[in-house]
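Reviewing the structure listed below.
The values are calculated or read from the model by the stated rules, or taken from the named source; none is laboratory data. Note that the structure is predicted; figures quoted are calculated from it, not measured. Note: ideal-geometry Cβ built from the backbone for every residue, glycine included; neighbour counts use all protein chains shown. Heavy atoms of the whole protein, side chains included, go into the accessibility calculation; ligands, DNA and RNA do not. Shrake-Rupley method; radii C 1.70, N 1.55, O 1.52, S 1.80 Å.
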Amino acid sequence: MKTLAELFEHTLQDVYYAENALTKALPKVAKAAGDAKLKQAVEDHLKQTRGHIQTLKKVFASLNVPAKGEKCDAIEGLIKETDGIIKEASGKALNAGLLAAAQSVEHYEISRYGSLREWAKVLGHDEAHKLLSKILDEEKAANSKLTDLAVGGINKK
Ligand SMILES: [Fe+2]
């Protein structure tokens with residue numbers, strides 16, 4: 001990988017892999033959550049993730065490249081960490097731990113989509129820039145909701 005165009009395409013494949021991996025991991029997190037609001041937030045994230053996969057397919061199509069994923073070590077690590085919390089924590093610590101893990105995932109997504117949409121702009125991919133900005137806004141909104149949950153009581157409980 002030498003050019004920004006190549007980096008852009010590679011990172012797009014990386015988030016495509018990550019969103020697909022999340023659709024498999026999030027149902028386990030929703031099941032483990034012991035708080036109704038947290039469970040709802042995780043289920044909302046799952047629904048949003050499925051939408052992001054569809055939007056990413058449109059991004060690939062706008063670039064005339066096939067939609068495919070490239071193994072992303074960052075999301076694999078975050079999912080592994082979340083699995084560890086499910087196994088090792090219980091009660092109040094489990095909910096606070098799962099909430100923190102969910103925010104780590106959102107922060108990862110926000111950072112990737114932030115880079116991607118700026119690269120799309122620089123590369124002149126206007127349609128991709130628009131679609132990636134839309135995903136970025138949704139990730140930011142999801143992260144704010146999780147912050148509201150955290151300061152709204154889950155951590156104190
Ligand atoms: Fe997403």
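The table below gives the values:
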item: Yes/no for Lys92 being over 19 Å from Gly51 (Cβ atoms), touching a Lys or Arg at 6+ places or on another chain (Cβ under 9 Å) and open to solvent by 60 Å² or more (accessible area, probe 1.4 Å); result: yes
item: Test set (1) free of Cβ contacts under 8 Å to residues at least 60 places away in the same chain; (2) in contact with a Phe, Trp or Tyr (Cβ under 6 Å, 6 or more places away or on another chain) - Trp119 fails condition number; result: (1)
item: Residues within segment 119-137 that are open to solvent by 60 Å² or more (accessible area, probe 1.4 Å) and within 13 Å of the ligand (Cβ to nearest atom), tallied; result: 2
item: Residue pairs meeting the criteria (Cβ under 6 Å; at least 6 apart or on separate chains; first at pLDDT below 95, in segment 12-38; second within 11 Å of the ligand (Cβ to nearest atom) and not charged (D, E, K, R)); result: none
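To keep it simple, each residue is scored yes or no on (1) crowded, with 16+ Cβ neighbours inside 10 Å; (2) touching a Leu at 6+ places or on another chain (Cβ under 8 Å); (3) within 24 Å of Leu132 (Cβ to Cβ).
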{"site": "His45", "(1), (2), (3)": "yes, yes, yes"}
{"site": "His52", "(1), (2), (3)": "yes, no, yes"}
{"site": "Lys58", "(1), (2), (3)": "no, yes, yes"}
{"site": "Gly77", "(1), (2), (3)": "no, no, yes"}
{"site": "Ile86", "(1), (2), (3)": "yes, yes, no"}
{"site": "Ala96", "(1), (2), (3)": "yes, no, no"}
{"site": "Glu106", "(1), (2), (3)": "yes, yes, yes"}
{"site": "Glu109", "(1), (2), (3)": "yes, no, yes"}
{"site": "Arg117", "(1), (2), (3)": "yes, yes, yes"}
